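Notes follow once the structure below has been shown.
The values are calculated or read from the model by the stated rules, or taken from the named source; none is laboratory data. Note that this is a predicted model, so its numbers are computed, not measured. Here the Cβ positions follow ideal geometry from the backbone for every residue, glycine too, while neighbour counts run over all protein chains shown.
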Amino acid sequence: MLSFEFGIIQNSQLKSTKYSFHYDKLLPYFRNKNKEGVLVKEYVLKNNDFLVSQTDSKGIILFANDDFCNVAGYSLEELVGKPHNIVRHPDMPKAAFKNLWDTVKSDKIWTGYVKNRTKDGGYYWVYATVYPIFDEVRKEKTYLSCRRKPSKKEIEEAIELYKTLR
């Protein structure tokens, strides 16, 4: 238990206020700081969040749905035409994305857990399924990524796996 007391002046009178915190409630704030010591906020997807995006064969975003824009913190205009790795978090091992691209370029569906970065520097985890598709309008192969909320256990397992890939 961490306790502290401080005074505030209200109506020309000093009032004392005491606060107590459990360490386990504070630890997430200390663990989620970047190299500069700035708090990094995790966005936890809602159960009904369903993020969808489409890229061309080079990973350039062609489409993003509202859930993706809202969670990542970008407008549609900021995303379309940009590389999908605009949301790549530096904690993600390169081997995971190599596996993704090797899989979808061989016309197979890829699934996996991905930690993404938000525009404001925070992060969020998704369970992603990436489908190689032929876009009839563009007359070329594109990739459709559909993402949902992973469980805490799935995230913990992904973190442990990714530690071995760095």
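Numbers below:
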{"read-out": "Selection status of P90, closer than 21 Å to R166 by Cα, under 18 Å from the mean Cα position of the chain (by Cα) and without any contact (Cβ under 8 Å) to a residue 40 or more places away in the chain", "value": "yes"}
{"read-out": "Top-ranked residue of region 133-156 - restricted to ones that are without any contact (Cβ under 8 Å) to a residue 12 or more places away in the chain and not in a strand (DSSP E or B), ranked as farthest from D49 (Cα to Cα)", "value": "K139"}
{"read-out": "So V114, is it within 17 Å of E42 (Cβ to Cβ), part of a strand (DSSP E or B), among the hydrophobic types (A, V, I, L, M, F, W, C) and assigned by TED's automatic domain parsing to the domain that holds D66", "value": "yes"}
{"read-out": "Selection status of V137, of a type in the set (V, I, T), surrounded by 13 or more Cβ atoms within 10 Å (Cβ to Cβ) and closer than 20 Å to I60 by Cα", "value": "no"}
{"read-out": "Within region 59-87, tally of residues that are of a type outside the set (D, E) and without any contact (Cβ under 8 Å) to a residue 12 or more places away in the chain", "value": "3"}
{"read-out": "Residue under evaluation D107, criteria (1) at pLDDT 95 or above; (2) under 15 Å from Y124 (Cβ atoms); (3) outside any helix (DSSP H, G or I), criterion not met", "value": "(2)"}
{"read-out": "Given (1) modelled with pLDDT of 95 or more; (2) closer than 17 Å to K41 by Cα; (3) of a type outside the set (A, V, I, L, M), index of the condition G121 fails", "value": "(1)"}
{"read-out": "Failed criterion for V130 (all others in (1) in contact with a Cys (Cβ under 9 Å, 6 or more places away or on another chain); (2) without any contact (Cβ under 8 Å) to a residue 12 or more places away in the chain; (3) β-branched (V, I, T) hold)", "value": "(2)"}
{"read-out": "Top-ranked residue in region 67-77 [being assigned to a helix (DSSP H, G or I) and in contact with a helix residue (DSSP H, G or I) (Cβ under 8 Å, 6 or more places away or on another chain); ranked as farthest from K41 (Cα to Cα)]", "value": "L76"}
{"read-out": "Residue count, region 47-66 (criterion: farther than 15 Å from T118 by Cβ and part of a loop (DSSP other than H, G, I, E, B))", "value": "8"}
{"read-out": "Condition met for F134 (hydrophobic (A, V, I, L, M, F, W, C) and more than 26 Å from N70 (Cα to Cα))", "value": "yes"}
